[in-house]
Amino acid sequence: MSSEDLFESRGGGCACKGLKFVLGAAPLGAYACHCTDCQTLSGSAFGLAVVVRAAAFSVTGAPRLIPRRLGSGATVFRKVCPDCNVWVYGGSRLDLATPPELVVVRAGTFDDTSWIRPQAHYWTRSKLPWVEIYPGEQIFETQPASF
């Protein structure tokens, strides 16, 4: 099934529900990131994210921005709940002056996660050896240039 088939107004939020979101359109896809930053931040083997168009993403509540310096030297901003500190989403731009075209939503923050399955895996050079990737899913050793 495609994300269009599974999509009905999807939403979610942080643990305390002080920061909530709703998608007004189907997501573009989902990916698993196996970089060591995502492993550390998630406390797991990888981070799982859902990509949506910024125009289809609405949020209630005021997120707190947390800067994070990447191995490349670039700084990205995570948007977390100011009360429970759950990382809910981020943008597709490295600078804050330019509005993002895409929003990257942490998959575990959706109210219903049963439909989420990654189509791509990023930073697989850092993938833990026991993680298996299904046939047909895209594999990128580092960050794909198209994202």
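Restricted to strands (runs of 3 or more DSSP E) entirely inside region 45-91, those with at least 3 residues that are within 19 Å of ALA145 (Cα to Cα) and touching a residue at least 24 places away in the same chain (Cβ under 8 Å) are 47-53. In this structure, THR60 does not satisfy being exposed (fewer than 13 other Cβ atoms within 10 Å of the Cβ), hydroxyl-bearing (Ser, Thr, Tyr) and either closer than 25 Å to GLN143 by Cβ or in contact with a His (Cβ under 7 Å, 6 or more places away or on another chain) (or both). Taking the criterion of being over 24 Å from VAL59 (Cβ atoms), among the small types (Gly, Ala, Ser) and out of contact with any strand residue (DSSP E or B) (no Cβ under 7 Å at 6 or more places or on another chain), the only residue of region 109-133 that qualifies is SER126. Among the residues of region 99-142, those identified as in contact (Cβ under 8 Å) with a residue 24 or more places away in the chain, in a loop (DSSP other than H, G, I, E, B) and within 15 Å of ARG10 (Cβ to Cβ) are ASP111, ASP112, TRP115, ILE116, ARG117. Would you mind stating whether THR36 is touching a residue at least 40 places away in the same chain (Cβ under 8 Å), on the phi < 0 side of the Ramachandran plot and either among the hydrophobic types (A, V, I, L, M, F, W, C) or exposed (fewer than 15 other Cβ atoms within 10 Å of the Cβ) (or both)? Yes; evaluated as a whole, the condition is true for this residue.
Answer yes or no as to whether ASP5 is modelled with pLDDT under 90, exposed (fewer than 14 other Cβ atoms within 10 Å of the Cβ) and not small (Gly, Ala, Ser). So ASP5 fits the description; yes. Could you figure out which of (1) touching a strand residue (DSSP E or B) at 6+ places or on another chain (Cβ under 6 Å); (2) closer than 16 Å to THR36 by Cα; (3) modelled with pLDDT of 85 or more isn't true of VAL76? It fails just one condition, (3).
The values are calculated or read from the model by the stated rules, or taken from the named source; none is laboratory data. Just so we're clear, the structure is a prediction, and the values are computed from it rather than from any experiment. When we count neighbours, we look across all protein chains shown, and the Cβ atoms used for this are built from the backbone with ideal geometry, even at glycine.
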